[in-house]
1. Under a Cβ-only charge scheme (Lys and Arg +1, Asp and Glu -1), can you give me the dipole magnitude of the chain about the Cα centre, in debye to the nearest 20?
2. Quick one: grab the alpha carbon gyration tensor of the chain, order the square roots of its eigenvalues as a ≥ b ≥ c, and give me rounded if a/c is under 1.5, else prolate or oblate depending on whether a/b is larger than b/c.
3. Suppose R0 equals 25 Å. What FRET efficiency, 1/(1 + (r/R0)^6) with r the Cβ-Cβ distance, do residue 40 and residue 2 give to the nearest 0.05?
4. Could you work out the helix-only [θ] at 222 nm for the chain, with each DSSP H run of four or more residues adding -39,500 (n - 2.57) and the total divided by the number of residues, to the nearest 500 deg cm²/dmol?
5. Please give, to one decimal in nm, the separation of the simple spin-label points placed at residue 26 and residue 64, each 7 Å out from Cα toward the Cβ.
6. Could I have the simple spin-label model distance between residue 54 and residue 13, label points 7 Å from Cα toward Cβ, reported in nm to one decimal?
Amino acid sequence: MKVWIDPDLCTGVALCQQACPEVFTIASDGIARVVDPAGRAVPGRTAVEFADSLLESVLEAAEDCPEECIYLE
Ligand code: SF4
C-alpha cells in the first residue's frame, strides 16, 4: 500500500511520527512528510509505498491524526 499527507491540512502535531517514525517525519517547516524506503522525506501529496509490516502502525497514525490528512491507497 501507499500513504500520503495533505500538507495544507497538517498542523504538525506529530502524532503520526509517534505512531510510525519509519514512515512519518516532521520537516523543518513544522509540517509532516512521508519518508520513502530510502529514508528521504518526499514533497506533500506524494504517495509512498511502505512495507506490509508497517501497515498496523501506519493505520494507527492515520486514525490518530487530528486533521484526518493522512491517506492510504
Ligand atoms: S498527525 Fe496529522 S496533523 Fe499531525 S503532524 Fe501528522 S499528518 Fe500532520
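1. Numbers: 4 positive and 14 negative charges, 64 e Å.
Charge dipole of the chain: 300 debye, to the nearest 20.
2. On the way: a/c = 1.45, a/b = 1.18, b/c = 1.22.
It is rounded, given that a/c, with a ≥ b ≥ c, falls under 1.5.
3. Working: r = 15 Å, r/R0 = 0.61.
For residue 40 and residue 2, the calculated efficiency is 0.95.
4. On the way: 2 runs with 15 residues, N = 73.
That calculation yields -5500 deg cm²/dmol at 222 nm.
5. Going by the 7 Å Cα→Cβ label model, 1.2 nm.
6. Inter-label distance under the simple model: 2.1 nm.
The numbers here are math on the coordinates, done by the rules we state, and not lab data. Fair warning: this is a prediction, and the values are worked out from it, not measured in the lab. All Cβ positions, glycine included, derive from the backbone under ideal geometry; neighbour counts span all protein chains shown.
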